[in-house]
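Derivation of every value follows stated rules applied to the coordinates shown; laboratory data play no part. Only a predicted model underlies this, so the values are computations on that prediction, with no experimental measurement involved. Positions of Cβ are generated from backbone atoms using ideal geometry, with glycine treated the same way; all protein chains shown enter the neighbour counts.
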């Protein structure tokens, strides 16, 4: 079960990234062109937040059952000396929770803004900041912190 969830979590990162990039693109265009915040824009805002929440939920389940995290908790003083273990035990989860909180706040604030341009601006700022944090926190194959494949096999 753990390996399956880990593979799903790895695959879902691409959905999170795609939805965030598309949301940011729509928010940027809407803000620059002073467009009307349409039902489609609202739906994209909503689904981006939903996809990130699903990813976070799967990630938290993976975190609870991960042998790396079990080792991290049981051998903290030794584990923090290993960057790979430290990354998954502390850095990854902290940055990802922070990014999902930013997406959630940005989505909620954008939903409540009265002026369309402010909705786009709010999405742009919060989702853009979350995307930057996510790029740092993903264990890319080229990352100096921890390397994992682009997609884990099922």
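The table that follows gives values for the structure above.
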item: Residue-averaged 222 nm ellipticity for the chain, from DSSP H runs of 4+ at -39500 (n - 2.57), nearest 500; result: -25500 deg cm²/dmol
item: Distance in nm between pseudo-label sites at residue 5 and residue 114 (7 Å out along the Cβ direction from Cα); result: 4.5
item: Segments 81-91, 132-142 sorted - mean Cβ within 10 Å per residue, highest first; result: 81-91, 132-142
item: FRET efficiency, 1/(1 + (r/R0)^6) with R0 30 Å, evaluated for residue 129 and residue 38 via beta carbons; result: 0.80
item: Inter-centroid distance (Cα atoms) of the stretch 88-144 relative to the stretch 1-43, Å; result: 11
item: Label-point separation in nm, residue 150 to residue 91, each point 7 Å along Cα→Cβ; result: 2.2
item: Selected from 19, 99, 52 as most flexible by GNM, with the chain as the system and alpha-carbon contacts under 10 Å; result: 19
item: Calculated SAXS-style log₁₀ I(q)/I(0) at q = 0.23 Å⁻¹ - the stretch 58-154, Debye, Cα scatterers; result: -1.14
item: Binned Cα-Cα distance frequencies in the stretch 2-137 - 10 Å width, integer %; result: 13, 39, 27, 15, 7, 1
item: Cα-based Rg and Dmax for the stretch 1-76, where Dmax is the largest Cα-Cα distance (Å); result: 17.1, 54
